[in-house]
Number of protein chains: 2
Amino acid sequence: MDSDQITQQLKQKGVRPSYQRIRVLQYLHDRAGHPNAEEIYEALLPEIPTLSRTTVYNTLHVFASFGLVNCLSIDGVDTRYDGMLEKHGHFQCHQCGMIYNFKTDPDRIETPGLEKFKIENKNIIFTGICANCINKYK
Amino acid sequence: MDSDQITQQLKQKGVRPSYQRIRVLQYLHDRAGHPNAEEIYEALLPEIPTLSRTTVYNTLHVFASFGLVNCLSIDGVDTRYDGMLEKHGHFQCHQCGMIYNFKTDPDRIETPGLEKFKIENKNIIFTGICANCINKYK
DNA sequence: TTATATCATTGTAATAATTACAAGTAAGAA
DNA sequence: TTCTTACTTGTAATTATTACAATGATATAA
């Protein structure tokens, strides 16, 4: 995805497209992984030598509150960010730490008792051991 | 739930029923909330004056690995522990922080692509604003 | 264009949850 | 009892994250 498209996406959501924001969002789109703030910071530092960790944190908070990213707190260690906006579930391997996406529709989950609640975010998070790690220990 | 039942439950899972472990598990059962380590520590300190935070952390780790509790990382601030073993979903209000349970069966969620994975834990975590907080701002 | 106000970025210092580690204590087996 | 193992404790260290104040950039209005 090129900078112009990213810029458009930011504007659409009402977020001012600063250079730093563009690069962070671009990074989240290009690498389909689930990086934490530190990973993003270190990845962008070479091309933005003045970048600050605080900026990365600020940026991610802004993105989250404007619905540009999805926050994942899976193992309690750190917060991961997901730029993929199509709904899906997550699986984290507790052997290698890798996070996998899988297709599922969280809207089909019923929430008895929460009729008067305003549900803003739906996360489906499974954990276990991934196929890769299962094979390693065979 | 009395100490003997808790003791039995610990033994069944292969965990040695020390006094501290019994009280922590009992606390998790009696208060159906979703406390973090600090809350548990402070609640038990009066009756176990020698209790250490480290013990609470250790105990919770042991419980988690033996399937006696479920760990919840919802907002990235801390880890909450749930002693309710029947399957259910969680909702956290990001206004008041309160966590609610709701009935749902995570086993009915399909996981295409994860056929060869070993899924050990299934968490359904929704966030938003609870009915209480919605009313406050009316 | 210039002045002004607002918003974004930066760096440092503080905070808060959690872990590492070493020493002490309790409990079960021989 | 003695020995061994496992559990608990307290302190110090670590790590992710936030608070905050100063600086820099951008947009708007005169």
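The values are calculated or read from the model by the stated rules, or taken from the named source; none is laboratory data. What you are looking at is a predicted structure, and each value in this text was computed from that prediction instead of being measured. Note: ideal-geometry Cβ built from the backbone for every residue, glycine included; neighbour counts use all protein chains shown.
Tabulated data
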| item | result |
| --- | --- |
| So B:Val56, is it more than 14 Å from chain A (Cβ to nearest Cβ) and buried (at least 18 other Cβ atoms within 10 Å of the Cβ) | yes |
| Answer from B:Thr79, B:Thr59, B:Thr54 - the residue that is at pLDDT 95 or above, under 30 Å from A:Lys116 (Cα atoms) and within 14 Å of DNA strand C (Cβ to nearest atom) | B:Thr79 |
| A:Asn101 being under 18 Å from A:Ala32 (Cα atoms) and either at the interface with another protein chain (Cβ under 9 Å from one of its Cβ atoms) or exposed (fewer than 14 other Cβ atoms within 10 Å of the Cβ) (or both) | yes |
| Residues (surrounded by fewer than 20 Cβ atoms within 10 Å (Cβ to Cβ) and within 21 Å of A:His29 (Cβ to Cβ)) located in region A:80-98 | A:Asp82, A:Met84, A:Leu85, A:Glu86, A:Lys87, A:His88, A:Met98 |
| Qualifying residue in region B:77-94 (condition: in contact (Cβ under 8 Å) with a residue 12 or more places away in the chain, among the polar types (S, T, N, Q), touching a Ser or Thr at 6+ places or on another chain (Cβ under 9 Å) and within 20 Å of B:Ile129 (Cβ to Cβ)) | yes |
| Hits in region B:104-138 (condition: among the β-branched types (Val, Ile, Thr) and either closer than 30 Å to A:Ser65 by Cβ or buried (at least 18 other Cβ atoms within 10 Å of the Cβ) (or both)) | B:Thr104, B:Ile109, B:Thr111, B:Ile124, B:Ile125, B:Thr127, B:Ile129, B:Ile134 |
| Hits in region A:1-44 - residues which are within 14 Å of DNA strand D (Cβ to nearest atom), free of Cβ contacts under 8 Å to residues at least 24 places away in the same chain and in a loop (DSSP other than H, G, I, E, B) | A:Arg16, A:Pro17, A:Ser18 |
| Every residue from region A:46-79 that is under 16 Å from B:Ile125 (Cα atoms) and of a type outside the set (Val, Ile, Thr) | A:Asn70, A:Cys71, A:Leu72, A:Ser73, A:Asp75, A:Gly76 |
| Flag for A:Thr104 being among the hydroxyl-bearing types (Ser, Thr, Tyr), at pLDDT 95 or above and either touching a Phe, Trp or Tyr at 6+ places or on another chain (Cβ under 8 Å) or within 16 Å of DNA strand D (Cβ to nearest atom) (or both) | no |
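So that you can scan it fast, the table gives a plain yes or no per residue for (1) surrounded by fewer than 18 Cβ atoms within 10 Å (Cβ to Cβ); (2) closer than 16 Å to B:Thr79 by Cα; (3) in contact with a Leu (Cβ under 6 Å, 6 or more places away or on another chain):
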{"site": "B:Ile6", "(1), (2), (3)": "no, no, yes"}
{"site": "B:Lys11", "(1), (2), (3)": "yes, no, no"}
{"site": "B:Tyr19", "(1), (2), (3)": "yes, no, no"}
{"site": "B:Arg31", "(1), (2), (3)": "yes, no, no"}
{"site": "B:Glu38", "(1), (2), (3)": "yes, yes, no"}
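Every residue, every condition in (1) within 11 Å of another protein chain (Cβ to nearest Cβ); (2) closer than 16 Å to B:His94 by Cα, yes or no:
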| position | (1), (2) |
| --- | --- |
| A:Leu72 | yes, yes |
| A:Asp78 | yes, no |
| A:Phe91 | yes, no |
| A:Cys96 | no, no |
| A:Gly113 | yes, no |
| A:Lys118 | yes, yes |
| A:Cys130 | yes, no |
